[in-house]
1. Which order, highest average first, do 217-223, 276-282 follow once you tally other Cβ atoms within 10 Å for each residue and take the mean per peptide?
2. Sorting check: for 303-310, 225-232, 314-321, 182-189, which peptide has the highest mean count of neighbouring beta carbons within 10 Å, and how do the rest follow?
3. For Cα pairs less than 8 Å apart in space and 6+ apart in sequence, what is the mean separation divided by the residue count of the chain, i.e. the relative contact order in percent?
4. For labels at residue 92 and residue 140 in the simple 7 Å Cα→Cβ model, what's the distance in nm?
5. Determine the dipole magnitude for the chain: charges of +1 sit on the beta-carbon of Lys and Arg, -1 on that of Asp and Glu, nothing else is charged, the reference point is the Cα centre, and the result goes in debye to the nearest 20.
6. For the pairs 49/292; 57/82; 102/147; 71/136; 59/263; 57/274, note any where the Cα-Cα span goes beyond 19 Å.
7. Separation between the residue 252 and residue 237 pseudo-spin-labels, each 7 Å from Cα along Cα→Cβ, expressed in nm?
8. Which helices, counted as full DSSP H runs in the chain, have an axial Cα extent of no less than 30 Å and a Kyte-Doolittle average of -1.0 or above?
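Here, each number is a calculation from the coordinates, and none is a lab measurement. It should be emphasised that the depicted structure is a prediction, and the values quoted were computed from it without experimental measurement. Note: ideal-geometry Cβ built from the backbone for every residue, glycine included; neighbour counts use all protein chains shown.
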Amino acid sequence: MRFRRMFVITISICFLLTLSACGNSESSNSQYSVDEIIITHVAPESTAKHQGALAMKTKIEEASGGAIEVKLYSNGSLYNDKNEFENLLSNNVQFIMPDMSKLVKYEPAFDMASLPLAFSSDQAAAAFWDGEHGQKIMGKIEKEGVKALAMWPNGFRVLTNNVRPVKTPEDFKGLKIRTSSGQVLADVFELLDAGTVSLPFGEVYTALQQGTVDGQENTLSSVASAKFDEVQKYLTINEFSRVDYVLLTNTEFWDSLDEKTRKVIQEGIDAGTKTAREEVARLNEEGLEKMKERGIIEIYELSDSEKEQFRELFQPIYDKYTPIFGEDVIEDALSR
């Protein structure tokens, strides 16, 4: 009898401990609004964008004690630059970092990144987008169901081509260049008597190799990591315009987060933004050095005086876009 009573007590204690463990586990799992987040982008892992995304992932997982798992997809391995936006709207992915040029159709002022010679440095561009005018532009995209959280830089565009060294405005004439979308870039190349083609990043190497296009514009790190120098003869460091990204999330997803979860994710966003901005200059310089070491492509860098000649030529571009973007917005960019 005594044995039976002890057995019943033991079983009861085990049952209560099991319930307690389940309760603690449930509490642990439910302390955040989400337990999984997906981040996707189309850039190589050697870019500042990926390094920023990796820092964001690491910080969120650390700050949540592992309760939130962050799945990170690079190189367009989950969604490409044609369909990542629609999948963000469907909440199939929670964070993307598209080129600002992809957002011009929703808000024309994102084309500020392409305004020729508007920004003097990576720091100047970041300060603009963090400032009053940049934040106002970012806020305008919320009508599309997405929220702009931060500007992540990729740096200044450089030009590569297979036809001739490009040092003067006349050297652009007749070239067929792959560029990002956006009317500003189209107008710039039209002014220079060059043609433009819009292609997904993943198709550019083959297009250059087959001669579908004569050249392309991108940052030094992107050119080097994609090995465009293998299929191009000439590179000009002209730095007319920039490639900058916007970290976007789904507005409904963001609004559904409780304060604790949003705080943890914001810590990740801050860490990712800091890393992307710190890494961009180093990675672009590293990309240039890699191409110099490979020794395939001929490299020329425009001097400040040569850039000023182009600046005078670009005045009609400023005349056209000042009423569209706002004189105060453009002056803000130029003053930094």
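1. 217-223, 276-282
2. Values: 303-310: 12.0, 225-232: 19.5, 314-321: 15.1, 182-189: 21.1.
Top to bottom by mean Cβ count within 10 Å: 182-189, 225-232, 314-321, 303-310.
3. Result for the chain is 26 percent.
4. Reported label-point gap for residue 92 and residue 140 is 2.9 nm.
5. 1440
6. Working: 49/292 23 Å; 57/82 24 Å; 102/147 15 Å; 71/136 30 Å; 59/263 12 Å; 57/274 13 Å.
Pairs exceeding 19 Å: 49/292; 57/82; 71/136.
7. Once both label points are built, they end up 4.8 nm from each other.
8. Values: long enough: 2-29 (40 Å, 0.59); 259-294 (50 Å, -1.31).
Both cut-offs are met by 2-29.
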